[in-house]
Amino acid sequence: MRMSRYFLPTLKENPSDAQIVSHRLMLRAGMIKQAASGIYSWLPMGFKVLRKLENIVHEEQARAGHIAMLMPTLQSADLWRESGRYDGYGEEMLRIKDRHGRDLLFSPTAEEMITDIFRSHVGSYKDLPLTLYQIQWKFRDEIRPRFGVMRGREFYMKDGYNFDLTKEDALHAYNRHLVSYLRTYERMGLQAIPMRADSGPIGGDYTHEFLVLAETGESEVFYDAAVTDISMGEREIDFDDKAQCQGVLEEFTSLYARTDETHDAAVFAQVPADRQRTARGIEVGQIFYFGTTYSEPLGATVMDETGKPVPVHMGSHGIGVSRLLGAIIEASHDDKGIIWPEGVTPFDVGIVNLKQGDDEADAACEALYKSAIALGLDPIYDDRKERAGAKFASMDLIGIPWRITVGPRGLKNGVVELTSRKTGVSEEMTPELALERLTEIYTGV
Ligand code: 5CA
């Protein structure tokens, strides 16, 4: 992409209404624009990152054997009356009447709809296990939408639902979700710690929230510092291997890590004093096992091996995809702007032309830009007639992990400068070598 042709409405000043750094930076980097309280338009660069996150979620769900689909945002109230949640859900549910006076609602989650689909089409234990998921907009009429996409009213969520014959199988589905979520967050450059939590309006008593530690997080958390040393890394996972998935769950959840809702001071006191931590965290996902809470009232049963109808064991599992943008920025920024982890960056490399209009510099940038694309990289070329300082400031603000700076002085010696956004370290090298380095970083070859 050439900056001169892109739509990147960056702001020089800090927006006064944004209280936390991720919200400020998303507005300043021209990623979102507020449309109404808690409702945002996703401008091109914000949309690009949102799609990258979505792709990672899809890839990791496919790896775990879960199946993608899509359900409507507007749903009939009747289904929710059947489960008893129409009245129970409270003011957060946006209720709508259509022209015929029928009650609809904007889906805040989709347990009812997926259970309805299941009961219409699945009748035998032989069709299980089954895990279906979607990535779809949700609406919750939050009393206090704030912090930009972090607590929106309209937000993008991955919601997955497992259907199993037995509790044991459903707990394996729970474990599969835990493992796949850990992989998902790590690919996004985040450490998200599974913590014992409260199930709220979803129900059930078996649930973990995934929290990214950040001062601006809305949840108070208590944990054993040793949990921050555990990561999935490169290990191979067989998602059908029950013992392996259970092992990962135990490894990640045996140490003390709880949100304030389930915090138990007496148990916490047993953690060695020098490892006790109290902090704040951003909830970027939650998994639930709730047994037959929905399948019983909605009549989602299958015939078991003896021909007897039994309600299926279910769980639901969510990732706050749009909230993740805020969480990533909270975890990775400095006073100049965003620092995108390579796995989610909107562009792989920024090319800065120090002397736009100079034939030699223009030609070198043009060649570099085209070679980068030919190599499968996604460059953004700042070809505007701006001062070098302004170009650097833009690249730093929008957080591109690598910058190649091209100027007449370097070109005399056949070199450009490759700079890391994270460390600020620059190295001179030939344009070919710079591209080789970047290809290795992004594709591993
Ligand atoms: N049905 C279950 C799992 S699919 C469910 O709705 N879970 S949830 O309520 O925990 O939501 C899943 C994730 O969506 C949360 O972990 C959080 O990351 C995100 N989320 C929830 N509310 C909001 C909101 N108002 N704005 C942005 N993200 C939100």
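Numbers for the structure displayed
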quantity: Degrees separating the helix 321-331 axis from the principal Cα axis of the chain, which is the longest one; calculated: 50
quantity: Sequence of S199, S371 when ordered by accessible area, the most exposed leading, probe 1.4 angstrom; calculated: S371, S199
quantity: Max mean-square fluctuation residue, GNM over the chain, Cα-Cα springs under 10 Å, options E360, E330, E236; calculated: E236
quantity: Heavy atoms of S332: accessible area, 1.4 Å probe, square angstrom to 10; calculated: 30
quantity: Label-point separation in nm, D241 to L70, each point 7 Å along Cα→Cβ; calculated: 3.6
quantity: Relative contact order of region 301-405, defined on C-alpha pairs under 8 angstrom at six or more residues apart (%); calculated: 32
quantity: Percent carbon-and-sulfur accessible area, the chain, ignoring ligands, DNA and RNA, probe 1.4 Å; calculated: 49
quantity: Relative packing of peptides 215-222, 159-166 - highest average C-beta neighbours within 10 Å first; calculated: 159-166, 215-222
quantity: Computed Rg/Rh of region 175-273, alpha carbon atoms with Kirkwood Rh; calculated: 0.96
quantity: Gain upon complete extension [K412, V267; 0.36 nm per residue less C-alpha separation]; calculated: 45.5 nm
quantity: Estimated distance in nm for a label pair at Y6 and E342, the labels positioned 7 Å out from Cα along Cα-to-Cβ; calculated: 1.9
quantity: Kirkwood hydrodynamic radius over Cα pairs of region 349-443, then Stokes diffusion coefficient at 20 °C and 1.002 mPa s, in µm²/s; calculated: 164
quantity: Hz values of 3J(HN,Hα) by residue in region 219-234 - Karplus curve (6.51, -1.76, 1.60), Gly and Pro given as x; calculated: 9, 8, 10, 10, 8, 8, 3, 5, 5, 6, 8, 9, 8, 6, x, 9
quantity: Solvent-accessible surface ranking, highest first, for I400, I39 at 1.4 angstrom; calculated: I39, I400
quantity: Percent of C-alpha pairs per 5 Å bin, region 1-96, short to long; calculated: 2, 10, 13, 14, 12, 14, 17, 10, 5, 2, 1
quantity: DSSP beta bridge pairing in the chain, given as percent antiparallel to the nearest 5; calculated: 85
quantity: Mean separation of Cα contacts under 8 Å, 6 or more apart, over the residue count of the chain: relative contact order %; calculated: 16
quantity: Estimated FRET transfer efficiency when R0 is 25 angstrom, pair A367-K422 (beta carbons, to 0.05); calculated: 0.40
quantity: Relative contact order of region 211-329, defined on C-alpha pairs under 8 angstrom at six or more residues apart (%); calculated: 33
quantity: Rounded Å value of the spacing that divides the Cα centres of region 281-334 and region 384-445; calculated: 43
quantity: Heavy-atom accessible area per residue - region 6-128, 1.4 Å, Å²; calculated: 50
quantity: Extension gain (nm, one decimal) between Q276 and R51, 0.36 nm per residue minus Cα-Cα; calculated: 77.3 nm
quantity: Accessible area per residue, Å², region 349-443 with all protein chains present, probe 1.4 Å; calculated: 48
quantity: Rg(Cα)/(2.2 N^0.38 Å) for the chain, N = residue count; calculated: 1.09
quantity: Exceeding the 22 Å Cα-Cα cut-off - candidates K336/K391; K167/K308; K33/K138; K52/K138; K391/K422; K52/K242; calculated: K52/K242
quantity: Highest to lowest packing among 278-284, 224-230, 262-268, scored as the average C-beta count within 10 Å; calculated: 278-284, 224-230, 262-268
quantity: Euclidean distance between Cα centres, region 82-107 to region 16-67, Å; calculated: 27
quantity: Calculated FRET efficiency for the pair E432/E220, C-beta based, R₀ 51 Å, to 0.05; calculated: 0.50
quantity: Potential lengthening between S16 and A390 on full extension [0.36 nm per residue; Cα-Cα distance subtracted]; calculated: 132.4 nm
quantity: Area of K308 that stays accessible when all protein chains are in place (1.4 Å probe, Å², to 10); calculated: 110
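The values are calculated or read from the model by the stated rules, or taken from the named source; none is laboratory data. The structure displayed is predicted, hence computed values, not measured ones. Every residue, glycine as well, gets a Cβ built from its backbone with ideal geometry; the counts of neighbours run over all protein chains shown. Protein only, heavy atoms only, side chains kept; ligands, DNA and RNA dropped before computing areas. Shrake-Rupley method; radii C 1.70, N 1.55, O 1.52, S 1.80 Å.
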